[in-house]
1. In the range 11-68, what count of residues is obtained for those that are of a type in the set (Asp, Glu) and closer than 18 Å to Glu79 by Cα?
Amino acid sequence: MVACASTLHVNGIQINEAKDAALALKPLAGAFASQVFAFGLFIASIFSATILPLATAFYVCEAFGFEAGIDKKWNEAKEFYVLYTGILIVGAAIILIPNAPLIFISLWSQVINGMLLPVVLVCMMLLVNNKKIMGKYVNKPVNNLIGWGAVIILIALSLALLVVPFFS
């Protein structure tokens with residue numbers, strides 16, 4: 001993706017859709033680069049359309065104590081299947097909106113993910129340091145140093161993302 005952006009940006013090419021990037025690469029970097037980019041988009045779409053909704057449904061159900069898993073029958077994990085189906089329907093509905101700004105939606109969904117990541121990591125660090133939950137597997141001091149260091153860096157980067165536009 002970085003190679004694609006650096007190839008297109010230096011040539012003044014602006015993209016509005018993912019297919020624009022794949023098509024713009026062909027005259028600049030050759031047909032193979034365009035095909036590799038298109039294949040990457042295909043794999044990313046398969047990943048996001050199947051694995052991410054499944055994982056989200058699984059973890060949400062686990063967090064609330066519901067049965068979860070594709071190995072369960074409908075009667076055993078009704079909440080899981082309803083949530084998984086709902087996520088798939090919402091995702092498909094967004095993609096099928098006529099003239100939807102998909103690049104804009106993709107970029108902002110990733111910005112929101114990045115902004116929420118420190119919250120998730122703080123919760124995770126608190127969890128792995130809770131002796132009542134983790135017992136003898138509680139985090140070691142070196143792991144805490146690395147973990148909290150990463151959290152602090154991510155919080156600083158998130159704040160920079162919010163503040164820097166006001167000064168430029």
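1. First pass over the range 11-68, keeping only residues of a type in the set (Asp, Glu): 17, 20, 62, 67.
Checking the rest, the ones that are also closer than 18 Å to Glu79 by Cα come to 62, 67.
Qualifying residue count, the range 11-68: 2.
This table checks each residue for (1) more than 27 Å from Leu127 (Cβ to Cβ); (2) touching a helix residue (DSSP H, G or I) at 6+ places or on another chain (Cβ under 8 Å); (3) without any contact (Cβ under 8 Å) to a residue 24 or more places away in the chain.
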position: Ile70; (1), (2), (3): no, yes, yes
position: Phe80; (1), (2), (3): no, yes, yes
position: Leu83; (1), (2), (3): no, yes, no
position: Gly91; (1), (2), (3): yes, yes, no
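Here is a yes/no grid of residues against (1) at pLDDT 90 or above; (2) open to solvent by 70 Å² or more (accessible area, probe 1.4 Å); (3) of a type in the set (Phe, Trp, Tyr); (4) over 20 Å from the mean Cα position of the chain (by Cα):
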site: Phe37; (1), (2), (3), (4): no, no, yes, no
site: Phe42; (1), (2), (3), (4): no, yes, yes, no
site: Ile46; (1), (2), (3), (4): no, yes, no, no
site: Cys61; (1), (2), (3), (4): yes, no, no, no
site: Val82; (1), (2), (3), (4): yes, yes, no, yes
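The values are calculated or read from the model by the stated rules, or taken from the named source; none is laboratory data. From a predicted model like this one, the values you see are computed outputs, not experimental measurements. For neighbour counting, all protein chains shown are included, and Cβ atoms are generated from backbone atoms with ideal geometry for every residue, glycine included. Only protein heavy atoms, including side chains, enter the accessible area calculation; ligands, DNA and RNA are left aside. Shrake-Rupley method; radii C 1.70, N 1.55, O 1.52, S 1.80 Å.
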